[in-house]
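One structure below.
The values are calculated or read from the model by the stated rules, or taken from the named source; none is laboratory data. If you're wondering where the values come from, they're calculated on a predicted model, not measured in any experiment. Note: ideal-geometry Cβ built from the backbone for every residue, glycine included; neighbour counts use all protein chains shown.
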Amino acid sequence: MTASPDPKAANQMWGGRFASGPDAIMQAINASIGFDQRLYAQDIAGSRAHAAMLAATGILGDSDAQAIGEGLLTVLSEIETGAFQFKVELEDIHLNVESRLTEIIGDPGKRLHTGRSRNDQVAVDFRLWVRDQCDQAIAGITGLMRAFVAQADVGADWVMPGFTHLQTAQPVTWGHHMLAYVEMLARDRSRFEDARARMNECPLGAAALAGTSFPIDRHMTAKALGFDRPTANSLDSVSDRDFALEFLAASSICAMHLSRFAEELVIWSSAQFRFVRLSDRWTTGSSIMPQKKNPDAAELLRAKLGRILGATVALFTIMKGLALTYSKDMQEDKEQVFDAADSLMLGLAAMTGMVGDMTANREVLEASAASGFSTATDLADWLVKTLNLPFREAHHVTGTLVALAEKKGCDLPDLMISEMTTVHPGITQDVYSVLGVQNSVRSRLSYGGTAPARVREQVARWQAALG
Ligand code: ARG
């Protein structure tokens, strides 16, 4: 990028009424080309659709429109090959492209901006970019869902402790735990699908804010750019950034889910838990402690939500006080969305790799599932079903048995029947059948429950849905 802060030169694109150019610091605060050059492909696509429409409606001569269309392709290839010189004094991607176009094709280039403004231009460019990111997020989430389903398929009946408050609650299956994330990710995916459908209206042709007196055909440009229809209110068209906010909100929720699993991985891969082994590809060593294998990717994923949520709050704050319609504040929308999108896509790719590579430690999981009196609820349920005890009473009897086992330093299945009958005389040998973790999970057959039979049904459902 070249900066030429010549204070005497008025801006060639809008400087007619200006005697001098901007101060160098004004130029620095005003320019967005440093970041909005990422919109070059969308900007050129929007301009090509606009020029074709201007010709079809007779606003522009065919030869001018053709020169513009071809010239824009030359600009595109210059940018893609790195030959293009972005100029800070031309502020943004729109003026950089238009100015270079005119350098290449001469006078016809000066007619491109007929019936449009940078306000509707940036609105359409940014929408196209965010729409594409929705598609990328949907694809990335789908890949991660597949990785979780594959884990669930392998370990549909592996028993592990289920937690509430991070305290042992009840035995669950590995497959069930993996599929919990598939459900979350499916909701994330549908949020991006919803947002995409809602944002798919074309603001081009709203011009500065009021529409235009040229007989433009907004339906034509909307169609050419893959939108469902043009936006219906020109004021709203140039002042709306809901599409970016929805993208950020959906990204934040998705990143929150990634962060929760990242937290589980950090805990599970520790020497104290040993529930999973992360592969060498997704861990790092310590420069001083030779035994270390750190779950850095998981930790960074946990942190990514901080950035994404920060971007979301930033854009809400930028937008909340703006009277209609466009204000320059809105130029600050892009860096937030760019950073959040990059963080989300990288996070999804990293999580997909980690989940695909990780190995659950089946023996450790099962042993851990049996500790912490995890089948106490099964015991209480047995008392209800077999002895017809009211659940509250069964709960109390079980609590007394847990206290007894705790005092003896053993688990529930280690209590002798003679010890159990001192607490309740009706308890029989049959009770031991429900105290094992395998029987516990197998019994939880209610719809959506953790029983391997139910998990296998859900795995099959997701495999069919994800292809
Ligand atoms: N660079 C500007 C942005 O990103 C483009 C729109 C500028 N419009 C204007 N009237 N100055 O928002």
All positions within region 80-126 that are of a type in the set (Val, Ile, Thr) and away from the ligand (no atom under 16 Å from the Cβ): THR81, THR102, ILE104, ILE105, THR114
Hey, ASN294 out of contact with any helix residue (DSSP H, G or I) (no Cβ under 6 Å at 6 or more places or on another chain) and modelled with pLDDT of 95 or more or not: no
Would you pick out the residues in region 17-49 that are touching a residue at least 12 places away in the same chain (Cβ under 8 Å) and outside any helix (DSSP H, G or I)? SER20, GLY21, PRO22, ASP23, ALA31, SER32
Test for LEU278: is it within 24 Å of ALA186 (Cα to Cα), aliphatic (A, V, I, L, M) and away from the ligand (no atom under 16 Å from the Cβ): no
Test of understanding: among GLU70, GLU91, which residue is at pLDDT 95 or above, charged (D, E, K, R) and more than 20 Å from GLN331 (Cα to Cα)? GLU70
With the checklist (1) touching a residue at least 60 places away in the same chain (Cβ under 8 Å); (2) crowded, with 19+ Cβ neighbours inside 10 Å in hand, flag the one item ALA297 doesn't pass. (1)
Restricting attention to region 157-191, which residues are of a type in the set (S, T, N, Q) and not in a strand (DSSP E or B)? SER190
Looking at region 225-254, which of the residues that are in a helix (DSSP H, G or I) and over 21 Å from the mean Cα position of the chain (by Cα) is surrounded by the most Cβ atoms within 10 Å (Cβ to Cβ)? SER237
Looking at GLN37, GLN66, can you tell me which residue is of a type outside the set (Val, Ile, Thr), on the phi < 0 side of the Ramachandran plot, within 16 Å of the ligand (Cβ to nearest atom) and buried (at least 16 other Cβ atoms within 10 Å of the Cβ)? GLN37
Residue satisfying all of: in region 315-344; more than 16 Å from the ligand (Cβ to nearest atom) and free of Cβ contacts under 8 Å to residues at least 60 places away in the same chain; farthest from SER117 (Cα to Cα) among these: ASP342
